[in-house]
Structures are given as structure tokens and as C-alpha cells.
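Structure first, commentary second.
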Amino acid sequence: MTSDYTFFYLEANIVCIIIFAILFIKNLHSVDRQEKQRIYDHVLLFSMIYFVFDSFWALQTGGILPNVRAVALIVNFNNHFIMSLVAFYWYLFVEVSESAPYMNKFKNRLLCMIPAIASIYVMLFLCLYSSEAILDSEGQVTFIYYVLFLGAPMVYVIVASIKSFIRAGYKENYALRSQYIVTAISPVAVLVSGVVQTLFINAPLFCFGITIMMLYVYISSIENIVSQDPLTSLNNRAQLKRYVAKDLKVPESGEKIYIFMVDLNKFKVINDTYGHIEGDNAIVMAAEGLKNVCAEEKQRHFIARYGGDEFLIVAKLQDEGEALYLKERLKEGIFKRNQNSGAKYELRASIGFAEYNGILENFNASLKKADDALYKDKHWKEAGL
């Protein structure tokens, strides 16, 4: 490694460290940090530490610092140690972000650390008792080192990517499908860049690749905060406005646009009897019931939490008869999800709908009609009609 390239490599690492530090500080000061954000912070922190040790490695390899064998062993071991942790926390971030249920148990998270811990112990053993397997007589890392260095990260990235691709195919995840696919592809691209850098060319591809990926994740998380309801992960009211104003198009196939307003029956009773935490659980159950029904439709309907225990669905359908059928299916979806949960209370919903002609100025009028129909439906239900 020439001195010119060494300083270019250092400059690239320093820029990446600064970017990660900015993201890390911004995240620490964010309000209402979720668990996945805290895990993301671990990825940022360990990435910064990795680039610090990687800079020492570049200085040694470039001849700027003396290449003392003991120091080289320590630096390369630390690079491997930190990169294993980066990969583990990335895997954890993906699984928690995609709501993998087994991640709710701490022991399962510990089990997920096995590849990283095993790789670290093997590397430590070789460094202490058979250092020639890690560094050759000229102080250069060996093929065995590369295998250990890339082994655990490849396991975490490949497994996380495969799981993301599989989840992208689940019908209930249709609204997040593109997000899952990007999550699956991005780390693989970074890993490939790292392999290419390590084995073939002297260019800080991995440094740039991981920085671009982490910036994308950060921007996506900001977009989610702006557009997603934090309790149900449905679209929020702001995203509804953007969808209606920019993305909702009048169908060309003769279909019509219908707006559905959904309101949970006797929700206040659930809150008063079982507490607000159980009330939140009821809202989440209702959201899941709506998502399950909409995922089975030939067209992917837009679902949003409108506020409190109210939801809004924008659907493209053939006629009013199909709208009436969807209305009953939505009610049934919420009721079935409630039954399957084993909750102590019965969860049902009232629903009203109205046609929308696709002209933005008329959206509020259609929304008002759907709301009026909702309260008629609720009145009939309470009256036993």
C-alpha cells in the first residue's frame, strides 16, 4: 500500500466516522426512541470503532507506523472482533425491525450471538497460540484470517437477507414489501464490496458501502416516523394526505374508488375495564385484522390509522356490491383476529363507506359521507337492527 493510497484510505475512514458520529448523536437526542433505534445505534458505534482500528491497520500496512508483529496481531484481532459485533447487531436490527416474534425472548438473542462468539474465540486462540496462521513471516494477514474475518458476518448477512426476502412474500406484509426487499439486498451489496476490497483491489469500497447503507436506513427510519403510526405500523394521517394528493389515481379499468371509515365498537368500555395498555392491544388487533383482509384482495388497498380507534381504507372496487362485500369481510377480519387472540372481551367494528371520484377537492366530502354511513352503521348495531 503506497503512502498516497494510505492517506486516501485514512481520509475515507475519517469521513465515514464523522458521518456515523453525526447519525449517532442525532439518534441519541431523538424523542421516544424505539428498541430498533437503540440497536441501530450499536451498529453505528461499533462501525466507528472498527474504522478507527482499520485506520491503524492502514497506517501499519502503508509503512507510516512500524509493523510490529504483536501490535499487528492486536489490531487485526480487534478488527475481526468489532466486525463480528457489527454483523450481529445488524442481524438483530433487521429481526427486531421486522417484528420477528422469537426476538422477544432474551435467550434467543443470546443464541443468535453464537456465530460471532465462536468466530471470536477461534481467532483469539490462533492469535495467542498459532499466530503464523493469522500473520505470515512478513506481517501480512493470511487466507485463514480472511476466512474467519468474513465468516460470521457472511452468516448474519445471508440469513437476515433470506429472512427478509421470505417475509416480503407474506401477504400481510404487502405494504412493506419494497422495504423488506431493500433490507435484504443492501447488506449483501456491502458484503460483496468488502470481499472485493479484501481479496482483489485496494480501494475503501466497504467503508463507502456501509456508510451509504446506514444513511439509507437512517433516512428510511425518519420517513417511517413521518409516515407510520407507531402503535400499529399502519400509514398515519399525514401519509394518507400524501397518498390522496399524489399517488391515488383514478382506475382506468372501470373500477371505482371507495373510502371506508372503520370505528371500534364500545372501545371506551375496553379501556375503562381492562386499562389503556389492553386498549392499545385492541387497536393493534384491529389493525392486523384489517391488514389480513386487505392482503387477500386482488388489489392492495391503502390502510391508515385515522386517529384513536378509527381507521381509514381506500379501495379500488368494481361497484357498490363489491364494497358491501368488503365491508363485511373487514368486520369479520377484526372479529376473527380478536377470537384467535383469546382476549376476554369481544372486539367488533362499525364501518361506513362512500364513493370518491378521484378529484382532490371532493375528498373531504366523500370522507364526510363515509363518516355519516359509519355512524348509521354504529347506531343500527347499538339499536340491534
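The values are calculated or read from the model by the stated rules, or taken from the named source; none is laboratory data. Keep in mind that what you see is a predicted model, and the values were worked out from it rather than measured. As a convention, Cβ positions derive from the backbone with ideal geometry for all residues, glycine included, and neighbour counts pool all protein chains shown. Surface accessibility is based on the protein's heavy atoms, side chains included, excluding ligands, DNA and RNA. Shrake-Rupley method; radii C 1.70, N 1.55, O 1.52, S 1.80 Å.
Some notes on this structure:
- Looking across the range 1-23 at every residue that is modelled with pLDDT under 90 and of a type in the set (Gly, Ala, Ser), the one that is most open to solvent (accessible area, probe 1.4 Å) is identified as SER3.
For every residue, the table says whether it meets (1) within 21 Å of MET83 (Cα to Cα); (2) surrounded by 20 or more Cβ atoms within 10 Å (Cβ to Cβ); (3) hydroxyl-bearing (Ser, Thr, Tyr); (4) in contact with a helix residue (DSSP H, G or I) (Cβ under 9 Å, 6 or more places away or on another chain).
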{"residue": "ARG109", "(1), (2), (3), (4)": "yes, no, no, yes"}
{"residue": "ALA116", "(1), (2), (3), (4)": "yes, yes, no, yes"}
{"residue": "CYS127", "(1), (2), (3), (4)": "yes, no, no, yes"}
{"residue": "PHE165", "(1), (2), (3), (4)": "no, no, no, yes"}
{"residue": "GLN179", "(1), (2), (3), (4)": "no, no, no, yes"}
{"residue": "SER186", "(1), (2), (3), (4)": "yes, yes, yes, yes"}
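- Subset of the range 228-264 [open to solvent by 20 Å² or more (accessible area, probe 1.4 Å), among the polar types (S, T, N, Q) and either more than 13 Å from HIS301 (Cβ to Cβ) or modelled with pLDDT under 85 (or both)]: GLN228, SER233, ASN236, GLN239, SER253
- Residue in the range 39-51 that is under 18 Å from CYS127 (Cα atoms) and assigned to a helix (DSSP H, G or I) present: no
- Residue match in the range 24-34 (condition: of a type in the set (A, V, I, L, M), open to solvent by 70 Å² or more (accessible area, probe 1.4 Å) and part of a helix (DSSP H, G or I)): yes
- Residues that are more than 18 Å from TYR243 (Cα to Cα) and out of contact with any helix residue (DSSP H, G or I) (no Cβ under 9 Å at 6 or more places or on another chain) were ranked within the range 288-321; the one that is most open to solvent (accessible area, probe 1.4 Å) is LYS298.
- Matching option when the condition is among the hydrophobic types (A, V, I, L, M, F, W, C), in contact (Cβ under 8 Å) with a residue 60 or more places away in the chain and in contact with a Lys or Arg (Cβ under 6 Å, 6 or more places away or on another chain), among VAL86, VAL96: VAL96
- Note on the range 327-367: among residues that are open to solvent by 30 Å² or more (accessible area, probe 1.4 Å) and among the aromatic types (Phe, Trp, Tyr), the one that is farthest from ILE313 (Cα to Cα) is PHE335.
- Subset of the range 258-297 (residues that are in a loop (DSSP other than H, G, I, E, B) and out of contact with any strand residue (DSSP E or B) (no Cβ under 7 Å at 6 or more places or on another chain)): LYS266, GLY275, GLU296, GLU297
- Residue match in the range 290-311 (condition: modelled with pLDDT of 90 or more, out of contact with any Leu (no Cβ under 9 Å at 6 or more places or on another chain) and farther than 18 Å from LEU374 by Cβ): no
- Top-ranked residue in the range 41-61 [being open to solvent by 10 Å² or more (accessible area, probe 1.4 Å) and among the hydroxyl-bearing types (Ser, Thr, Tyr); ranked as nearest to LEU231 (Cα to Cα)]: TYR50
- In a residue-by-residue description of the range 273-280, the property of being under 23 Å from ASP371 (Cα atoms), touching a helix residue (DSSP H, G or I) at 6+ places or on another chain (Cβ under 7 Å) and either free of Cβ contacts under 8 Å to residues at least 24 places away in the same chain or surrounded by 13 or more Cβ atoms within 10 Å (Cβ to Cβ) (or both) applies to at least one position.
- When TYR243 is tested against (1) among the hydroxyl-bearing types (Ser, Thr, Tyr); (2) part of a helix (DSSP H, G or I); (3) within 23 Å of GLU332 (Cβ to Cβ), exactly one condition is not met: (3).
- Of all the residues in the range 80-102, those that are farther than 24 Å from TYR216 by Cα and open to solvent by less than 60 Å² (accessible area, probe 1.4 Å) number 1.
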